[in-house]
Amino acid sequence: MSAPRELTFEDVLRYAGAVEAGGGRSHEAPCSASPAETPSTLFDKPVDRRRALRMLFGAAAVGTQAASACAPLGATDEEAEAAILRWEEYFKGNFRLMSDAEKAETIVRLERLAKLRSGRDVTIKATPPQPDVMFGYAFNISKCKGYRSCVEACIDENNLDRGTNMQYIRIFEMEDGEIDFHEASAAFQHEVPAEGHFYVGTQCFQCANPPCVEVCPVGATWQEPDGITVIDYEWCIGCRYCMAACPYWARRFNWSEPTVPPAEINPTQHYLGNRAKPKGVVEKCTFCIQRSREGRLPACVEACPTGARVFGNLLDPASEIRWVLENKRVFRIKEDLGTEPRFWYFTD
Amino acid sequence: MSARRACRRLAGALALALAACGRGEGDGSVQLSASFGQSGHGPPELALLASAPVTGRSGPEGHAFDVRLRTPRVTSYPCASCHERPVTAGSRADAEHADVRSVHPSEVAERCETCHAPADPARLTLQTGETASLDEAYRLCAQCHFSQTDAWAGGAHGKRLVGWQGRRVVMSCTECHDPHAPVLSQQIPFRGPTIPRATLEDRR
């Protein structure tokens with residue numbers, strides 16, 4: 001790759017534009033300038049630095065068959081294509097700043113990358129929040145029997161890393177009498193329910209005042225209008241401040257490249273939810289954003305064989321979650337912190 | 001009679017089917033309790049609950065819902081495929097249905113015909129003298145289990161099907177609870193976490 005400093009900005013644009021117009025790219029990558037944009041029109045348009053750099057390096061990568069920078073020598077066409085796609089992914093913006101067209105472009109790339117990596121056709125959506133919906137969750141500690149069916153469903157649904165046995169949900173076995181997370185264990189592996197014990201499940205509580213969002217130095221995690229705190233996996237720098245800030249230990253870090261056997265991949269995915277995550281980023285429960293925004297129940301709620309989990313719209317007075325909040329004795333964990341979790345516990 | 005032998009073989013399947021709790025029902029197809037309208041209780045919403053003889057009151061306002069039909073998943077059904085004549089009064093389940101674990105009837109010292117209509121084994125007997133189909137088993141349960149029925153109608157007990165949005169369809173009592181042994185059983189849980197919970201468990 002030639003040294004960028006030797007080129008003027010105009011050279012950059014001319015070279016990138018010429019390569020675009022010449023159709024030198026082997027794949028359908030709609031991220032760069034459209035064919036209608038000739039170099040001359042590009043000169044007249046304000047082009048931001050990020051876009052110019054992307055065009056320069058993208059063009060250079062194609063020009064050298066992506067050999068030196070992105071892919072090993074002797075790489076197959078698919079490896080070269082994946083390298084170029086990853087290269088273009090590297091220059092995309094934060095999800096909240098993307099236009100609809102840019103979202104569509106990155107989804108095309110991510111779906112293609114998933115296909116190249118696993119051989120599976122996946123569908124990644126960017127379904128926006130529904131109006132007048134605020135998700136809430138209630139957990140019946142009288143009903144939970146510690147079967148961990150929710151954990152199993154969560155792993156399958158959210159494509160969690162099998163290599164490290166990542167689990168969003170923890171089920172704590174408590175001795176009858178009081179809730180004490182310091183004494184309780186989540187590692188039980190005996191017949192449940194055990195005599196004299198009850199079970200309390202934790203996961204991300206989707207706080208209304210989330211400390212994890214506050215500490216993120218790069219704006220990679222935020223709260224959506226329907227109350228779900230999400231993560232832009234490509235924008236996350238892996239500093240793990242959010243994990244330190246979360247009082248509920250709800251976030252998980254990918255120390256290694258997450259692995260899911262291709263046959264077990266859930267192909268119905270959401271950009272902010274269960275799609276494949278890169279190494280070195282944080283992830284967490286999103287109330288199954290890929291399901292809940294379509295009107296479906298989160299996988300844990302659907303899988304629970306005891307009916308201990310209640311999920312719904314807090315803004316709908318006729319919803320089950322509202323009935324629980326209005327008719328049952330409910331509490332939240334560490335309420336004194338002011339995090340305002342949207343996850344309540346109740347008893348029969 | 002061969003039909004009777006077949007019935008005995010199927011009795012175990014019946015007990016299992018009654019205890020099946022709806023896990024892994026991924027077909028998405030839900031048969032709704034449309035037949036309730038034919039039994040003279042009006043629409044399949046809370047009209048049935050309101051007429052349940054013991055509770056005698058409707059659920060909370062706005063909580064109209066449907067109950068999924070139970071009988072399509074009862075294995076040895078209809079009962080008439082084996083029971084050709086009325087069930088003998090006083091007969092015991094361990095004689096007639098060897099696989100039925102009669103825990104609940106033993107606890108409350110009841111006999112088959114306390115709940116099952118002798119003249120028609122496919123119907124349940126209510127305290128009012130009415131009968132109800134197996135799809136309406138919750139009417140029978142509601143005669144004693146008031147608080148559970150209340151929570152079920154409101155949404156704190158039982159399971160909702162399909163999704164959180166749209167028409168509310170719930171499971172009937174007997175989809176999760178074996179009516180003859182309603183307490184859920186012990187089992188080995190799914191595998192636990194391997195990553196230690198760094199903040200709390202390490203302190204020990």
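Read-outs: derived from the displayed coordinates by stated rules, not from any lab. What you are looking at is a predicted structure, and each value in this text was computed from that prediction instead of being measured. A quick note on method: Cβ atoms are made from the backbone with ideal geometry, for glycine too, and the neighbour counts reach across all protein chains shown.
Couple of notes before you dig in:
- Near the amide H of B:Arg123, within less than 5 Å, lie the amide hydrogens of B:Ala117, all on another chain or at least 5 residues away, with H placed in the peptide plane.
- Computed from phi, the 3J(HN,Hα) profile of segment A:263-271 under the Karplus parametrisation 6.51, -1.76, 1.60 (θ = phi - 60°) reads 5, 9, 5, 7, x, 8, 10, 10, 4 Hz, with x in place of Gly and Pro.
- Treating r as the C-beta distance of A:Asp336 and A:Glu294 and R0 as 35 Å, the FRET efficiency rounds to 0.45.
- Computed extension length for A:His197-A:Ala104: 28.5 nm, one decimal, from 0.36 nm per residue of separation with the Cα-Cα distance subtracted.
- Segment A:211-245 versus segment B:123-187: alpha-carbon centroid distance in Å: 42
- For residues of A:134-144, the mean tally of beta carbons on other chains within 10 Å: 1
- Peptide-level mean, for A:238-251, of C-beta atoms on other protein chains within 10 Å: 1
- Potential extension, A:Thr268-A:Gln130 segment - 0.36 nm per residue separation minus Cα distance: 47.8 nm
- Under 5 Å, built H, 5+ apart or other chain: amide partners of A:Phe172: A:Val200, A:Gly201, A:Thr202
- Inter-chain Cβ neighbour average for residues A:307-320, partner chain, 10 Å: 5
- Cross-link partners for A:Lys328 among the lysines, with Cα-Cα distance under 26 Å and sequence neighbours closer than 8 places in the same chain left out: A:Lys143, A:Lys145, B:Lys159.
- Scalar couplings 3J(HN,Hα) for segment A:322-329, obtained by applying the Karplus form with A = 6.51, B = -1.76, C = 1.60 to θ = phi - 60°, are 5, 5, 4, 5, 8, 10, 10, 7 Hz; x denotes Gly and Pro.
- Interchain or long-range residues, amide H under 5 Å from B:Thr75's placed H: B:Ala17
- Applying 1/(1 + (r/R0)^6) with r as the Cβ-Cβ distance of B:Phe146 and B:Ser81 and R0 = 30 angstrom yields a FRET efficiency of 0.30.
- If R0 is taken as 60 Å, the Cβ-Cβ distance between A:Gln223 and B:Arg101 corresponds to a FRET efficiency of 0.75.
- Computed from backbone phi, the HN-Hα couplings of segment B:166-179 come to x, 4, 8, 10, 10, 7, 7, 3, 7, 6, 9, 9, 5, x Hz, rounded to whole numbers (Karplus: 6.51 cos²θ - 1.76 cosθ + 1.60, θ = phi - 60°; Gly and Pro given as x).
- Cβ-based exposure ranking for A:Leu85, A:Leu325, A:Leu272, in which fewest neighbours within 10 Å come first: A:Leu325, A:Leu85, A:Leu272
- Listed by chain and number, the lysines whose alpha-carbon sits under 27 Å from that of A:Lys125, ignoring those within fewer than 8 places in the same chain, are A:Lys92, A:Lys103, A:Lys115, A:Lys277, A:Lys279, A:Lys284.
- Fully extended contour minus Cα-Cα distance, from A:Leu315 to A:Cys239, at 0.36 nm per residue: 23.9 nm
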